[in-house]
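Colleague: My questions will all concern the structure given below.
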Amino acid sequence: MNLDIRTVAPENLREEMLRLRREQKMNFLETLTGMDWGEEGGLGVVYTLESTETGERAALKTATTDRENPMLPSVSDIWKIANIYEREVYDFYGIKFTGHPDMRRIFLREDWVGYPFRKDDEPEKENPLRMTNEPLADVTESYVLNPDGTVVKETHPIFEEGEYVVNIGPQHPSTHGVLHFRVSLDGEVIRKIDPVLGYIHRGVEKLNESLTYPQTLALTDRLDYLGAMQNRHALCLCIEQAMGIEVSDRVKVIRTIMDELQRIDSHILFFSCLCQDLGATTAFLYGFRDREKILDIFEETCGGRLILNYNTIGGVMADLHPNFVKRVKEFIPYMRKNLQEYFDIFINNVIARNRMDGVGILSLDDVISFGCTGGTGRASGWHNDVRKRMPYAAYDRVEFNEITRKEGDSFARLMIRMDEIKESLNIIEQLIDNIPDGPFQEKTKPIIKVPEGTYYTAVEGSRGEFGVFLESHGDKTPYRLHYRATGLPLVAVMDTACRGNLIADLITIGGTVDYVVPDIDR
Amino acid sequence: MKKPNIKSIPYEEFKDNETFEKLVAELNAGGANVVVRKLDDLIDWGRSNSLWPLTFATSCCGIEFMAVCAARYDIARFGFEVTRNSPRQADVILVSGTITTKMAPVLKRLYDQMADPKYVVAIGGCSISGGPFTKSYHVVRGVDTVIPVDVYVPGCPPRPESFLYGMMQLQRKVKVENFFGTVNRKEKDPFAKEAVREKEKEIFSEEEQA
């Protein structure tokens, strides 16, 4: 959708944000995107907000023209997720947020020179490949704005003197990728977690600024590779909406079926990895056995197993394979039958239940404040399914339940995914028999130029709301293309979820929260 | 000329026999003692059939690696059965996924922690050359700039079949190794440059002082 952005001066920002939070109940900070509008526009931030009670949405922006020492007020005390989002903006644009408690780099090394996302920065010039071990600071900085307008820099220790800190990662089999947690322990009990990210930060958003629109599509599959279909779907949808391309009914249905197959694939992998982390290797093999069936279906139509490259602007890459309908119809009863095995072998096991029941409880307020969409949010009772909130593709013509639970513990997060597999099978069953005829690809111009404007489109990815924020200046390349990572809020919430739990539960909680690291780091 | 026998693929069906033969010729340029070579064969036979990979994955290729380890493709059939979580117990590191500049020192350290003999397989476009991210400011263009690579497996991500093919190529390389050595054993390690060694010494002495 085209965003209607209100400009707010930096000095009024906090007041306005507090007003929105209090009066309009805007309790969900959807995105916080750093921007560089050049010399005149300055450096700034775009916020998109949503109220979970009324469904109202708002978009605001603020900017400062000071490029030497840019400062903007922080909103990290209003929405908890802003803490990590603002650190991201600081890392990429060098904007310092006054009042932010922890102004450190988050993705890049602490000795990185410059701010790579600024349009005038040349990151490679001053940053050769450093083979020394990365420095990790023990103190963090914050900038406090006094009433008279002066800014004071303060330093705080990250961990107190004498605290026992254990490093988990970056190379650890249970962090699901290269993720680094600094965990402070009191005996076996977790006191604090400090995540260090960026070990797989590839600068996808910066790369996008020099790629044409069809080229940018290729990188979306490689963000969250277990949501490859949905990610690419989101970007295609965003560009189509911006350009006013209407895709055929056939494409809509194909995309919906593919998204749901991908979701099942992802949830099976989630189950397998969780079992593997908890030592149930047999269950891991059971999961992968069923996952291969989905990959077979993908392979016939898309040619790929994991990176599918299927959606295109205005349609899909190729028509469905003649075997597609038959294979999917065989798969639905097969999966329903095998799902029971997952319960028999793992979920109903008393050891597994003891490790998950009542562990890592997240409250409803926390998941909303942290913006934990997807299964993690729904396990705490937040109705956040984009398929219901803002229906797209063919989701308005199928009947399905949005699965939510109240408990908010690890077991609830596991069960949400298991139930969603069933729901996804239902959705596919409703659509598979009547895929409408029509072209699988609309004709588009050879050079795609998106009209000037700012757009935001979200789809329900495998692990939450995957959003695409696109600012176009009418060129054939995007001016700024930002992805709302589904995983970043999930990592941010780990500290809250794990505090007071045992270190062994960190693995269970991390497994059930279900993040994919390349999606976090982008 | 020795033609190593690999389970499941006859020698003629490998696609790069010329390169391989050149490599073997280079290795045995000075000739090898018959007895010693026989002992070598025995050791290589043992090693090549129990290469334990390190559980290491940074992105997409890691998921395919899991698929290769799972039931349908079952890497255990060829002796790579146990993935090790500690580099100290692993023989081969499969670099599956993009290596960023922040990750590079970590990868180097992992490699250094592995016990000899150790092997590196670069899986996928990213670890071979940077792949689709080659223009990025934060990506290492080829993992061979950081650690020496034995086998490259192209693909994005490679199919499980090419994973297995790459692993068998590695087995072939292991099977012609000279453990007791020929003239080549005196050759200097091209990756351990003098400057690096001195730096390491400095770090060690600093650590000792601390």
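The values are calculated or read from the model by the stated rules, or taken from the named source; none is laboratory data. What you see is a predicted model, and the numbers here were worked out from it, not measured in a lab. Here the Cβ positions follow ideal geometry from the backbone for every residue, glycine too, while neighbour counts run over all protein chains shown.
Colleague: For segment A:202-266, list the helices (runs of 4 or more DSSP H) that sit wholly inside it and hold at least 3 residues that are away from chain B (no Cβ under 14 Å) and surrounded by fewer than 23 Cβ atoms within 10 Å (Cβ to Cβ); which are they?
Modeller: A:228-243
Colleague: Return yes when residue A:366 is under 23 Å from residue A:486 (Cβ atoms), of a type outside the set (S, T, N, Q), within 14 Å of another protein chain (Cβ to nearest Cβ) and out of contact with any Leu (no Cβ under 9 Å at 6 or more places or on another chain) and no when it is not.
Modeller: Here the answer is no, as residue A:366 does not meet what is asked.
Colleague: Mind checking which residues of segment A:158-171 are at negative phi and part of a loop (DSSP other than H, G, I, E, B)?
Modeller: Scanning segment A:158-171 gives A:158, A:159, A:160, A:161, A:163, A:170, A:171.
Colleague: Can you pull out every residue in segment A:174-202 that is free of Cβ contacts under 8 Å to residues at least 24 places away in the same chain and under 19 Å from residue A:510 (Cβ atoms)?
Modeller: A:180
Colleague: Still on this structure: Filter segment A:61-72 down to residues that are in a strand (DSSP E or B) and buried (at least 20 other Cβ atoms within 10 Å of the Cβ), then give me how many there are.
Modeller: 4
Matching residues to (1) within 15 Å of residue B:159 (Cα to Cα); (2) in a loop (DSSP other than H, G, I, E, B); (3) without any contact (Cβ under 8 Å) to a residue 24 or more places away in the chain:
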position: B:32; (1), (2), (3): no, yes, no
position: B:39; (1), (2), (3): no, no, no
position: B:45; (1), (2), (3): no, no, no
position: B:51; (1), (2), (3): no, yes, no
position: B:63; (1), (2), (3): yes, no, no
position: B:67; (1), (2), (3): yes, no, no
position: B:73; (1), (2), (3): yes, yes, no
position: B:76; (1), (2), (3): no, no, yes
position: B:80; (1), (2), (3): no, yes, no
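Colleague: Sticking with this structure for a sec: Within segment B:91-101, identify whether any single residue is surrounded by fewer than 22 Cβ atoms within 10 Å (Cβ to Cβ), under 30 Å from residue A:209 (Cβ atoms) and in contact with a Cys (Cβ under 9 Å, 6 or more places away or on another chain), and answer yes or no.
Modeller: No, because not a single residue in segment B:91-101 is surrounded by fewer than 22 Cβ atoms within 10 Å (Cβ to Cβ), under 30 Å from residue A:209 (Cβ atoms) and in contact with a Cys (Cβ under 9 Å, 6 or more places away or on another chain).
Colleague: For segment A:23-50, which residues satisfy the criterion of being out of contact with any strand residue (DSSP E or B) (no Cβ under 7 Å at 6 or more places or on another chain) and among the small types (Gly, Ala, Ser)?
Modeller: Listed by number, the list holds a single entry, A:38.
Colleague: Go through segment B:82-92 residue by residue and tally those that are more than 9 Å from every other protein chain (Cβ to nearest Cβ) and closer than 27 Å to residue B:129 by Cβ.
Modeller: Total satisfying the criteria: 3.
Colleague: Could you figure out which of (1) at pLDDT below 85; (2) not in a helix (DSSP H, G or I) isn't true of residue B:20?
Modeller: Just one mismatch for residue B:20, condition (2).
Colleague: Residues A:438, A:461: which one is small (Gly, Ala, Ser), within 30 Å of residue A:274 (Cβ to Cβ) and touching a residue at least 60 places away in the same chain (Cβ under 8 Å)?
Modeller: The unique qualifying residue is A:461.
Here is a yes/no grid of residues against (1) in a helix (DSSP H, G or I); (2) at pLDDT 90 or above; (3) among the β-branched types (Val, Ile, Thr); (4) touching a Lys or Arg at 6+ places or on another chain (Cβ under 7 Å):
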site: A:436; (1), (2), (3), (4): no, no, no, yes
site: A:444; (1), (2), (3), (4): no, no, yes, no
site: A:448; (1), (2), (3), (4): no, no, yes, yes
site: A:451; (1), (2), (3), (4): no, no, no, no
site: A:475; (1), (2), (3), (4): no, no, no, yes
site: A:481; (1), (2), (3), (4): no, no, no, no
site: A:497; (1), (2), (3), (4): yes, no, no, no
site: A:500; (1), (2), (3), (4): no, no, no, no
site: A:507; (1), (2), (3), (4): yes, no, yes, no
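Colleague: Pick out the one residue from A:21, A:6 that is part of a strand (DSSP E or B) and more than 17 Å from residue A:468 (Cα to Cα).
Modeller: A:6
Colleague: Anything in segment A:327-368 that is β-branched (Val, Ile, Thr), assigned to a helix (DSSP H, G or I) and either buried (at least 19 other Cβ atoms within 10 Å of the Cβ) or touching a Phe, Trp or Tyr at 6+ places or on another chain (Cβ under 9 Å) (or both)? List them, or say none.
Modeller: A:328, A:345, A:347, A:367, A:368
Colleague: Considering only segment B:93-131, how many residues are more than 8 Å from every other protein chain (Cβ to nearest Cβ) and assigned to a strand (DSSP E or B)?
Modeller: 9
Colleague: Do any strands (runs of 3 or more DSSP E) lying entirely in segment A:84-157 carry at least 2 residues that are under 28 Å from residue A:47 (Cβ atoms) and in contact with a helix residue (DSSP H, G or I) (Cβ under 7 Å, 6 or more places away or on another chain), and which ones are they?
Modeller: A:96-98
Conditions (1) in contact (Cβ under 8 Å) with a residue 40 or more places away in the chain; (2) of a type in the set (S, T, N, Q); (3) touching a strand residue (DSSP E or B) at 6+ places or on another chain (Cβ under 7 Å), marked per residue:
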residue: A:279; (1), (2), (3): no, no, no
residue: A:288; (1), (2), (3): no, no, no
residue: A:293; (1), (2), (3): yes, no, no
residue: A:300; (1), (2), (3): no, no, no
residue: A:330; (1), (2), (3): no, no, no
residue: A:333; (1), (2), (3): no, no, no
residue: A:336; (1), (2), (3): yes, no, no
residue: A:340; (1), (2), (3): no, yes, no
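Colleague: Of all residues in segment A:122-153 being over 30 Å from residue B:140 (Cα atoms) and exposed (fewer than 11 other Cβ atoms within 10 Å of the Cβ), which is nearest to the other protein chains (Cβ to nearest Cβ)?
Modeller: Among those residues, the one meeting the criterion is A:153.
Colleague: Starting from residues that are buried (at least 17 other Cβ atoms within 10 Å of the Cβ) and away from every other protein chain (no Cβ under 11 Å), keep the ones in segment B:66-81 and report whichever is modelled with the highest pLDDT.
Modeller: Here the answer is B:75.
Colleague: Return yes when residue A:190 is within 14 Å of chain B (Cβ to nearest Cβ), surrounded by 11 or more Cβ atoms within 10 Å (Cβ to Cβ) and under 27 Å from residue A:281 (Cβ atoms) and no when it is not.
Modeller: So residue A:190 does not fit the description; no.
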